Amino acid sequence: MCAYPLTTSPGLRSWAAALSTLALTAALALTGSGPAEAVTEATCGSSVPVAAGEDIQSAIDTVAAAGGGCVVLTAGTWTLTRSLEMRSGVTLTGNGTRTVIQGPDTVYDWALITLVGAEPRTDVTVEDLALDGRIPDSALTTDPDATNPYGGALGVYFAAFTYDDQDITVRGVDIRHTSMGIHIKGAQHVTLDSDVLVDNGIAYWLHNAYLRRVTDATITDCVFTGSLSGDGLHVAGTGAGLTIENSSFLNNAAHGIYTEGPPSDVTISEVTASGNSGDGLRLNGTDMSVDGNTTRNNGGDGIHTLTGSGIVTGNTSNGNAGLQYDIHGSFTFSDNS
């Protein structure tokens with residue numbers, strides 16, 4: 001499996017960063033999902049405000065002990081020395097990109113936000129804030145046999161192994177410079193909404209976002225750009241009911257979207273995949289609807305179905321270095337340009 005590593009010379013990296021910034025600006029205009037927008041106000045049973053410099057973990061524990069509610073962060077910057085541990089029934093909400101939760105300025109190997117407690121955990125939301133892992137681009141490793149000291153420094157890492165977590169939401173969150181921006185494993189009813197993920201994926205085959213064994217997931221109005229080693233979005237493990245719509249996948253080091261496993265009942269619509277080093281859309285899955293997407297200027301194919309079934313219709317694909325469409329499996333192919 002090739003991760004399409006990026007060249008790391010300073011000149012080319014600066015040039016690529018400039019292009020990524022321009023592409024991100026264009027994508028935000030298309031999706032209307034600027035990272036500074038306040039997306040929603042959560043309805044809280046119990047609400048604990050936390051001012052800059054105060055203890056977020058203590059507030060999360062207090063709200064969880066009260067039966068659930070919101071931890072409301074003011075504008076400000078929090079530098080973590082260990083993971084924040086989310087719990088069932090808790091919403092962590094901030095003040096847009098004026099609320100910044102960041103990793104330390106030294107090497108570390110733990111996620112900024114995790115989910116703990118007896119499985120399954122339910123009704124957990126992170127919204128309306130920024131996460132900055134502060135991992136330097138110079139830490140990138142693309143050797144599959146190399147150990148990266150930042151390998152575990154993820155942004156959001158929610159993993160369940162015994163039962164599936166329920167009702168997980170990441171909304172209006174800007175995530176940058178982590179080993180992987182969002183990794184959710186073993187969950188049902190997952191929502192990623194109006195998130196912006198930039199320059200995550202610091203080691204071989206780590207991604208901007210990775211969903212594994214996830215059922216009934218909706219991704220809408222999101223931007224995934226500049227993964228340093230992996231895909232914009234990687235989906236693996238059996239799951240069903242995946243919807244990806246009105247989102248952009250730009251300038252990632254591997255593919256824009258890669259679904260394997262394969263998942264079933266997948267809808268991908270009104271997606272833009274551009275400038276990725278691999279395929280724009282690289283798809284396995286059954287009962288897939290790939291409709292109304294735009295793939296252009298990718299280093300591989302525009303839309304590549306490896307196997308599976310469904311429809312590929314109404315898409316636009318041009319300027320890709322490989323084939324514009326490379327369709328395998330039992331797909332109905334119509335009205336594409």
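Solvent exposure of the stretch 218-337 amounts to 29 Å² per residue of accessible area, where only protein heavy atoms count and the probe is 1.4 Å. If R0 equals 45 Å, the separation of the Cβ atoms of Asp137 and Ser47 corresponds to a calculated FRET efficiency of about 0.70. For the pair Tyr163 and Thr122, the difference between a 0.36 nm per residue extended length and the Cα-Cα distance amounts to 13.7 nm.
Extension gain for Phe333 to Ala321 (0.36 nm times residue separation, less C-alpha to C-alpha distance): 2.2 nm. Distance between the 7 Å Cα→Cβ label points at Thr243 and Ser309: 2.3 nm. Modelled this way, with points 7 Å down the Cα-to-C-beta line, the labels at Asn297 and Thr79 are 3.8 nm from one another. Across the chain, Cα-Cα distances exceeding 30 Å account for 31% of all pairs. A DSSP coil position with no more than 10 other Cβ atoms inside 10 Å describes none of the chymotrypsin sites (Phe, Trp or Tyr not before Pro) in the stretch 305-337. Ranked by the mean number of other Cβ atoms within 10 Å per residue, highest first, peptides 315-321, 197-203, 102-108 order as 197-203, 315-321, 102-108.
Compared with the dominant Cα axis of the chain, that is its longest principal axis, helix 56-65 is turned about 80°.
Apolar share of the accessible surface for the chain: 50 percent from carbon plus sulfur atoms, 1.4 Å probe.
The values are calculated or read from the model by the stated rules, or taken from the named source; none is laboratory data. From a predicted model like this one, the values you see are computed outputs, not experimental measurements. Virtual Cβ from ideal backbone geometry, glycine too; neighbours counted across all protein chains shown. These area figures cover heavy atoms from the full protein model, side chains too; ligands, DNA and RNA do not enter into them. Shrake-Rupley method; radii C 1.70, N 1.55, O 1.52, S 1.80 Å.
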